[in-house]
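**Student:** Before we start, here is the structure in question, set down as structure tokens.
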Amino acid sequence: MRDHSVSIDRSTTPAGLAFAPTFNVAVSFIDRHLAEGRGDKVVIQAADGGTVTYAALAENVNRTGNVLTGLGIGRGDRVLLIVKDCPEFYYLFWGAIKAGIVPVPLNTLLRARDYCSMIEDSGCAGLVYSPEYAGEVEAALTQADHQPKATLRIDGEGESLRARLPQVSADLAPAPAKAEDDCFWLYSSGTTGAPKGAVHAHRDMVVISEYYGRSTLGIRESDVSFSAAKLFFAYGLGNAMVLPLWVGASTVLLAGPPNPQSTFDVIERYKPTLFFGVPTLYAAQLRALDQESRDLSSLRACVSAGEALPGDILRRWKAQTGRLIFDGIGSTEALHIFISNRADDYRPGCSGRPVAGYDAVILDDAGKEVPVGDSGHLMIRGASTAKYYWNKPDKTAETMVDGWLNTGDTYYRDKDGYFYYCGRNDDMLKVGGIWCSPFEIEAKLIEHPKVLEAAVVGRVDDDDLVKPAAFVVPIDPKDSADAMSDELRQHCKSGLAKYKYPRWFTFVEQLPKTATGKIQRYKLR
Ligand code: 3UK
């Protein structure tokens, strides 16, 4: 078998995958397209202008790998990427992998404090960022106890990736690797806010592309993908980069925030065939469609993930647009969607059935499988799951057991094999599909001089979607609730990632607690 190749037997379900003994995944995702004659095809269409062909992508991947190596970043070293959705994200991610460097894309919505802990936890050798995030990133670098060897901006004044690209060679030999070797990381938030680096292997991206991409979604070369979820989320990474690249399709990138206007504009202008959103966005788009009609006729499939899609949103979307939304559950640790609805098999209000290639079981607290209809802990198994958490042997041992991954979700399965989401096993919230730790918001509230104690729980809004709600014990009970709500909302918005501020405030005399002083959040829900 040729080095870096994968042989695929699609006569079986799931497809049988056999990797060459030497396998650097950048070759099959990037260089293969030149060998297959796709060099002139546009792969990336940036909504703010430029296009990139497969040939240009391959060349820039090589150049970027050489820039990173030239900065003294070596094989196995980590490079953190705080990069908006733009072609350079692809160059950096694949250039690093091809050079044997481990790319770690980070959420661009975070704050200096978050970046500081990831710089320290990863012990990164490099950090590359879009100038838009300079404020938070540079503040993090000043605070951090670990300093990367090299930091580089994507573009702008002075030293930048863009300025360096033409100065280095356009050739790069793939660093030798094995399909099971560490390839890239994605950080997943923990309950206490401490991020965990989920370490993924070279083969994982091939697995999700075949299992979910080809077999479940039916992605093909003629597709044009558009993901409202950004590239730094595992969901966006799969939608906008991994799945389309695997089949030689193309992607439209929106650098700015996804809202009904910006996403509809992209759909009308670039006519994508696949749209990937989160429930909160579908709800907002539906409200916008009540006011104006938009041409969404190019879409052949709409996908939702990140949090549960209420059945009502699916029904209204179908009535408004004539299109279905396929809800599926995925995770950073699994890399992509592992239980899903699909065109030929879907039910509103559930996550669907396991994607072929993944096993799913629901266990009780004692680790025994529950009877049909009973809820329990959802565990999954499949070839794309993370190998371990960086530097967190205890978390690894808790979450990844004998090849099974504990999702942290409560689910039940009906007699037909469909899986229904019932909530998290921990206190974590998903807001707009993005993690939110109640502890982190509480800590922020307590920093405020007028707050004695605070507890944060999830509460559903009019669209049946979860948002944070705060219960606050004020130091001075005579403080006006309205004024204080405004003040605390502002305080949270300025100190936390923007989506995390509480949407409701309730002022109370005391919080329900256990004998040992732990807040009983379930009593507040
Ligand atoms: C929740 C869902 C109900 C669930 C993701 C698609 O969301 C992704 O990854 P994260 O690591 O979060 C994982 C957790 O989010 N969740 C996700 N999708 C659903 N709950 N219904 C859903 N459809 O708690 C899960 O454990 O941020 C989604 C693809 C790749 C991903 N990483």
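**Student:** Net charge around residue 307, counting only other residues with Cβ within less than 12 Å of its Cβ (Lys, Arg = +1; Asp, Glu = -1)? Walk me through the numbers before you get to the answer.
**Tutor:** Numbers: positive: 424, 430, 467; negative: 327, 409, 463, 464.
Around residue 307, the surrounding residues sum to -1.
**Student:** A further question on this structure: Counting Lys and Arg as +1 and Asp and Glu as -1, each charge on the Cβ, what is the dipole of the chain about the Cα centre in debye, to the nearest 20?
**Tutor:** Numbers: 58 positive and 66 negative charges, 94 e Å.
Dipole about the Cα centre, nearest 20: 460 debye.
**Student:** Out of the total accessible area of the stretch 122-199 (probe 1.4 Å, heavy atoms of protein only), what percent is carbon and sulfur?
**Tutor:** 48 percent
**Student:** So what does residue 491 come to for accessible area, using a 1.4 Å probe and Å² rounded to 10?
**Tutor:** 40 Å²
**Student:** Rounded to the nearest 20 debye, what is the charge dipole size of the stretch 6-202 about its Cα centre when +1 sits on each Lys and Arg Cβ and -1 on each Asp and Glu Cβ?
**Tutor:** Values: 17 positive and 23 negative charges, 59 e Å.
Once rounded to the nearest 20, the dipole reads 280 debye.
**Student:** According to the square roots a ≥ b ≥ c of the eigenvalues of the Cα gyration tensor, what is the shape class of the stretch 428-524, taking rounded for a/c under 1.5, prolate for a/b larger than b/c otherwise, and oblate for the remainder? Could the numbers behind the result be given before it?
**Tutor:** On the way: a/c = 1.59, a/b = 1.18, b/c = 1.35.
Oblate.
**Student:** Now for a separate question. Quick one: pull the percent of accessible area on the stretch 428-524 belonging to carbon and sulfur, 1.4 Å probe, ligands and nucleic acids left out.
**Tutor:** Values: 2490 of 4780 Å².
C and S atoms contribute 52 percent here.
**Student:** Here is a further query. Which angle from 0 to 90°, rounded to the nearest 10, does the C-alpha axis of helix 112-122 make with the longest principal axis of the chain?
**Tutor:** Tilt relative to the chain: about 50 degrees.
**Student:** Would you give the gap between the C-alpha center of the stretch 345-374 and the C-alpha center of the stretch 210-284, rounded to a whole Å?
**Tutor:** 27 Å
**Student:** With the Cα gyration tensor of the stretch 464-515 giving a ≥ b ≥ c as the square roots of its eigenvalues, does the rule (a/c under 1.5 for rounded; else a/b larger than b/c for prolate; else oblate) give rounded, prolate or oblate? Write down the numbers at each step before the final one.
**Tutor:** Details: a/c = 1.94, a/b = 1.24, b/c = 1.57.
Because a/c hits 1.5 or more and a/b fails to exceed b/c, the stretch 464-515 counts as oblate.
**Student:** So what's the angle, to the nearest 10 degrees on a 0 to 90 scale, between helix 260-270 and the longest Cα principal axis of the chain?
**Tutor:** 20 degrees
**Student:** Give the accessible area for residue 312 in Å² (nearest 10); use a 1.4 Å probe, count only protein heavy atoms, and leave out ligands, DNA and RNA.
**Tutor:** Its heavy atoms expose roughly 80 Å² to the probe.
**Student:** What order do 340, 375, 293 take when sorted by accessible area (1.4 Å probe), most exposed first? Show your work: numbers first, answer last.
**Tutor:** On the way: 340 5, 375 65, 293 110 Å².
Largest accessible area first, the residues go 293, 375, 340.
**Student:** Just name one of 93, 174, 109: the one whose Cα is farthest towards the positive end of the charge dipole of the stretch 6-202 (beta-carbon charges, Lys/Arg +1, Asp/Glu -1).
**Tutor:** Going by the charge dipole, the pick is 174.
**Student:** Tell me the label-point distance for the pair residue 147, residue 368, using the 7 Å Cα-to-Cβ offset, in nm and rounded to one decimal.
**Tutor:** In this crude label model, residue 147 to residue 368 measures out at 5.9 nm.
**Student:** Calculate, for the chain, the solvent-accessible area per residue in square angstrom, rolling a 1.4 angstrom probe over the heavy atoms of the protein chains. Don't skip to the answer; put the middle values down first.
**Tutor:** Details: 21000 Å² over 525 residues.
Counting only protein heavy atoms, the per-residue value for the chain is 40 Å².
**Student:** In the full protein assembly as shown, how much of residue 379 is accessible to a 1.4 Å probe, in Å² to the nearest 10?
**Tutor:** Taking all protein chains as shown, residue 379 has close to 20 Å².
**Student:** According to the square roots a ≥ b ≥ c of the eigenvalues of the Cα gyration tensor, what is the shape class of the stretch 1-155, taking rounded for a/c under 1.5, prolate for a/b larger than b/c otherwise, and oblate for the remainder?
**Tutor:** Values: a/c = 2.14, a/b = 1.63, b/c = 1.31.
Verdict is prolate for the stretch 1-155.
**Student:** Protein chains only, probe 1.4 Å: how do 336, 377 rank by accessible area, largest first?
**Tutor:** Details: 336 5, 377 50 Å².
Putting 336, 377 in descending order of accessible area: 377, 336.
**Student:** Please give the calculated 222 nm ellipticity per residue for the chain, where each DSSP H segment of at least 4 residues contributes -39500 (n - 2.57) and the sum is spread over every residue; nearest 500 deg cm²/dmol?
**Tutor:** Theoretical 222 nm ellipticity from helices: -7500 deg cm²/dmol.
The values are calculated or read from the model by the stated rules, or taken from the named source; none is laboratory data. All values reported here derive from a predicted model rather than from experimental measurement. Every residue, glycine among them, receives a Cβ derived from its backbone with ideal geometry; neighbour counts consider all protein chains shown. Heavy atoms of the whole protein, side chains included, go into the accessibility calculation; ligands, DNA and RNA do not. Shrake-Rupley method; radii C 1.70, N 1.55, O 1.52, S 1.80 Å.
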